[in-house]
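One structure is given here, and the rest of the page talks about it.
The values are calculated or read from the model by the stated rules, or taken from the named source; none is laboratory data. Everything quoted here is computed from the prediction, not taken from an experiment. Because the Cβ atoms are built from the backbone with ideal geometry, glycine has one as well, and the counts that use them run over all protein chains shown. Side chains included, ligands, DNA and RNA excluded: accessible areas come from the protein's heavy atoms. Shrake-Rupley method; radii C 1.70, N 1.55, O 1.52, S 1.80 Å.
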Amino acid sequence: MAMTAAAQPLLLSHEAGLDTQIAVPASTPYRRMVKPAIDVTVSLALLVLLLPVMAVVALAIRVSLGRGVLFRQRRVGAGGREFMIYKFRTMAHDRRCQDLAFVGTDRRRSHKDPNDPRHTNLGRFLRKTSLDELPQLFNVLRCDMSLVGPRPELPAIVASYLPWQHQRHAIKPGITGPWQVSPYRGEPIVHAIGLDLGYVQAVSFSHDLGLLLKTPVAVLKRRSF
């Protein structure tokens, strides 16, 4: 069967419990060379510039929450391959290891329940300002992520995707993207997959630049101190 201009050969993924074919969008010079170069250059520059901020955040977490400054978690990236994502820790240790009453949705099934007793004031501040996401610049340097792209999901959630939903894994996940700057930012990522699929098919420098410029505005709108 002849390839269309809209898609290249299918990429088969076997990780994260997947056995689905992911259509790779048509290659362009921006996707293939420019976007990766921008990712590495900008993320390295940001790490240098933001090192003092990251050091202060790390110290605050160490003093406030104890040992374990970074939070590591497996997520699903490009092609359905799993990788370890990095964030600053924003919560107290797992409630299953402590005597904490909790009647809300289990976090293993749903993201960011506001009633989860592991939440802390410092953690809420880091989340609202997105400072907890800064260590993901290392993920970009490791080529697991991009500066802009769909947000990476948990393997357990991806395992329940319908076949068409896996198309969001045709490109690298991003630190920011269409979901983060949309009105659906407070909803689970899976509820806004249409935004990601639209982005996957329309990746361009102007689109990425627009999303990057919108991100600080979206962060400020989320602040409600």
Q | Filter on K35/K172; K87/K128; K87/K172; K128/K172 - keep pairs with C-alpha separation over 19 Å | A | K128/K172
Q) In debye to the nearest 20, how big a dipole does region 114-159 give about its Cα centre with +1 on each Lys and Arg Cβ and -1 on each Asp and Glu Cβ? A) 160
(Q) If I ignore ligands, DNA and RNA and count only protein heavy atoms, how much of K214 is accessible to a 1.4 Å probe, in Å² to the nearest 10? (A) 120
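At 1.4 Å probe size, put E153, E133 in order of accessible surface, largest to smallest.
E133, E153
On a full-extension model of 0.36 nm per residue, what is the gain between V34 and A159, subtracting their alpha-carbon distance, rounded to one decimal in nm?
Working: separation 125, 0.36 × 125 = 45.00 nm, distance 3.17 nm.
Between V34 and A159, full extension yields an extra 41.8 nm.
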Q.
Once you order the gyration tensor axes a ≥ b ≥ c over the Cα atoms, which shape class does region 146-225 get: rounded for a/c under 1.5, otherwise prolate or oblate by comparing a/b with b/c?
A. oblate
Q: Would you rank T120, T41 by solvent-accessible area, highest first, keeping every protein chain in place and using a 1.4 Å probe?
A: T41, T120
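Please give the peptides 86-92, 57-63 ranked by average Cβ packing (other Cβ atoms within 10 Å per residue), highest first, as a rough proxy for protection. All intermediate terms of the calculation are to be shown ahead of the outcome.
On the way: 86-92: 20.4, 57-63: 15.6.
The most tightly packed comes first, giving 86-92, 57-63.
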Q.
Given contacts defined as C-alpha pairs under 8 Å and at least six residues apart, what's the relative contact order of region 148-225, whole-number percent?
A. 37
Q: Keeping all protein chains in position, work out how much accessible area T28 exposes to a 1.4 Å probe, and write it in Å² to the nearest 10.
A: 50
Q: Taking amide H positions as placed in the peptide plane 1.01 Å from N, state which residues far from G174 in sequence (5 or more) or on other chains have amide H under 5 Å from it.
A: S146, G149, R151
